[in-house]
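J.: Handing you a structure now.
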Amino acid sequence: MLLDSAEAGSELDIECPSGGMPAQAPAPLLAGRWRVRATRTKADEESWAGLVQLLPTES
């Protein structure tokens with residue numbers, strides 16, 4: 001599941017204080033083995049971004 005990066009996963013089904021639900025979209029994956037690459041960068045104490053890449057591996 002891809003989700004709004006400003007919300008914790010446990011809060012996906014809770015309405016936002018300003019109204020509406022957090023943005024989310026299914027990201028179906030085929031069964032199998034995956035290599036995971038991830039990085040995180042921080043702009044300041046309150047702002048950061050993460051990126052995760054899933055790559056299929058040979059069996």
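For every residue, the table says whether it meets (1) among the basic types (Lys, Arg); (2) free of Cβ contacts under 8 Å to residues at least 24 places away in the same chain; (3) surrounded by fewer than 10 Cβ atoms within 10 Å (Cβ to Cβ).
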site: Gly19; (1), (2), (3): no, yes, yes
site: Ala25; (1), (2), (3): no, no, yes
site: Leu29; (1), (2), (3): no, no, yes
site: Gly32; (1), (2), (3): no, no, yes
site: Val36; (1), (2), (3): no, yes, yes
site: Arg40; (1), (2), (3): yes, yes, yes
site: Glu46; (1), (2), (3): no, yes, yes
site: Gln53; (1), (2), (3): no, yes, no
site: Pro56; (1), (2), (3): no, no, no
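J.: If I ask for residues that are in contact with a Lys or Arg (Cβ under 9 Å, 6 or more places away or on another chain) and not in a loop (DSSP other than H, G, I, E, B), which ones from segment 28-59 would you list?
T.: The answer is Trp48, Ala49, Gly50, Leu51, Val52, Gln53, Leu54, Leu55, Pro56.
Any read-out appearing in this document is the output of simple, stated calculations on the displayed coordinates, not a laboratory observation. Being a predicted model, the structure only gives us computed values, none of them experimental. Cβ: placed from backbone, ideal geometry, glycine included. Neighbour counts: every protein chain shown.
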